[in-house]
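S.K.: I'd like to ask some things about the structure below.
Every read-out reported here was derived from the displayed coordinates using simple, explicitly stated rules and does not represent laboratory data. The model shown is predicted, which means the values in this text are computed figures rather than measured ones. Positions of Cβ are backbone-derived with ideal geometry, glycine not excepted, and every protein chain shown enters the neighbour counts.
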């Protein structure tokens, strides 16, 4: 630990607006680095600063953000930088941020949260752009009836951030309909490979489609929730075949093919770009503890609210056809929290056709609208 009497000196010189190089040099008096180690750290820091310059961004500590780090990693993979080199660079910058986080200069260390995919080191799944996600979302919505069973699988790939094993082993009982949550904490078989608990707020359209999917296929609590292309319960190989299909839809081939891990990296990057704090993103991606569901909901209520709001906004942006309906759903929810004088309502609040759609997709909202007299049947 750094002597607290000495921290005042370093605090006078280093802030969020300091460059990475300045931050590194200021640490020298507090670290017993050899000259070769210092030179290596300088090169690693310089590489990240050069990347920020290419992005027309300042080389300051405030730009140590998750989505920028993810894109930096992607660029290195595209340049065929070795796996070990990338890990070393991340470890260097992570040590800098850990040092300044202990001093209160930075609030979080996003480099520590980054995952560099292990295994085959010559392939790093791409992080999808928003227009590519829209293309896949539209593809899922337009599936013919004989392939409609894979729609929930595709959408959970987009929204959940689940790893292969967890996604392939989801069961119906993992869906908590009354809370619109996907909860991987009570069933040991669906805990992901890293044994982390995950609680994922489900956006409204996806929640409705999951309920319809469960009813249509007459699934029971112990049944697997998702299907592969063949119409059989999802497994790891079936999931890979599905992501190969999605890669074809996006015209991606070779090392550019999307993988389940690529969807995980995509949702974390998108949330970071939209200003969601690192702790909420970590919450989405999983916990090391294994506690009671209600304890999690109480303890992490703010993260759930943030994620639910942002995933719903993302769903709205992806769903072009349902944009007007979603907007009216939100208006109705806002109205339901206030007293409405029905004598002042001069015309139906929403069209009858929209109300009928709401009965199918959001019955709770439809009930409120009917009780408030906001529609004429």
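S.K.: Hey, what did the stretch 4-113 get for relative contact order, percent, Cα under 8 Å, at least 6 apart?
M.R.: Computed value for the stretch 4-113: 33 percent relative contact order.
S.K.: Which FRET efficiency value, to the nearest 0.05, do you get for residue 244 and residue 31 by plugging their Cβ-Cβ distance into 1/(1 + (r/R0)^6) with R0 = 45 Å?
M.R.: 0.45
S.K.: Can you compute the FRET efficiency between residue 313 and residue 282 using 1/(1 + (r/R0)^6), with r the Cβ-Cβ distance and R0 = 22 Å? Round to the nearest 0.05.
M.R.: Efficiency, from the Cβ-Cβ distance: 0.65.
S.K.: Contour minus end-to-end for residue 50 and residue 95, with contour as 0.36 nm per residue of separation and end-to-end as the Cα-Cα distance?
M.R.: 14.3 nm
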